[in-house]
1. Before rounding to the nearest 500, sum -39500 (n - 2.57) across all DSSP H runs of length at least 4 in the chain and divide by the residue total; then give [θ] at 222 nm in deg cm²/dmol.
2. Once both labels are modelled 7 Å past Cα along the beta-carbon direction, what's the residue 153-residue 118 spacing in nm?
3. May I ask for the equivalent-ellipsoid semi-axes of the range 95-176, computed as the square root of five times each C-alpha gyration tensor eigenvalue and listed largest first in whole Å?
4. Taking the Cα centre of each part, how many Å lie between the range 83-120 and the range 123-142?
5. Which helices of the chain meet both criteria: a Cα extent of 30 Å or more along the helical axis and a mean Kyte-Doolittle score no lower than -0.5, with helices taken as whole DSSP H segments?
6. With every protein chain present, what accessible area does residue 123 have (1.4 Å probe, heavy atoms only), rounded to the nearest 10 Å²?
7. At 1.4 Å probe size, put 154, 96, 172, 147 in order of accessible surface, largest to smallest.
8. Carbon-plus-sulfur fraction of the accessible area of the chain, 1.4 Å probe, in percent?
Amino acid sequence: MADRADPPRFDGPWSMPRLRRGLVTPELVSGTVLVSVVIAVSDVSGRSLDTMGITIVSMLVLWLSQVYIVAIAVQGTRAESEPIRVRESIRFAFGRAVGLLYATIPPLIPLGLGVLGVLDAEVAYWSALWMGVLVLAVLGWIAFASRRAAWYWRLGGACATAALGLLIILLRIFIK
């Protein structure tokens, strides 16, 4: 019986391991949850522009605070004899915190379409919340797919991660 070799693995820019390492980060997952919460609680006027503005400003503040937190934490992990390297810490923090900014983009698309009048404000708002659920599901799928898990583990990962977004939608329903 001949040995069967694994099929060649595609390690290009869209390979699952590369996507997992680049996309499935704590900052992107938590950023998606945070942007969804901000959107859920910011829609008080029913106007997409207000919701979009509050979302952008809130996420920028959260991103800046994350940069600061990571930069400070990096300094705290250094040995006492090491010099303080502020620029290096900030550069590292920018790289780590970028997931919070990336998380803001998908929900802003339907909100932007609402601002432009392409979508009704209500449709834009709910589409932005469901966009968070979709992004979380995709991240959950990628996390398991890149490890060559069976389809049911991938589906389970996608559903479990998307459940975070569904909880936010339930939150919105209950606070209205």
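The values are calculated or read from the model by the stated rules, or taken from the named source; none is laboratory data. None of these values were measured; they are calculated from a predicted model. All Cβ positions, even for glycine, are placed from backbone atoms using ideal geometry, and neighbour counts span all protein chains on display. Surface areas here come from the heavy atoms of the whole protein model, side chains and all, with no ligands, DNA or RNA. Shrake-Rupley method; radii C 1.70, N 1.55, O 1.52, S 1.80 Å.
1. Using -39500 (n - 2.57) per qualifying helix, the result is -27000 deg cm²/dmol.
2. Distance between label points: 3.9 nm.
3. 26, 16, 12
4. Answer, in whole Å: 16.
5. 48-77, 86-115, 121-145, 151-175
6. Number for this one is 70 Å².
7. Output order, biggest surface exposure first: 147, 96, 154, 172.
8. 69 percent
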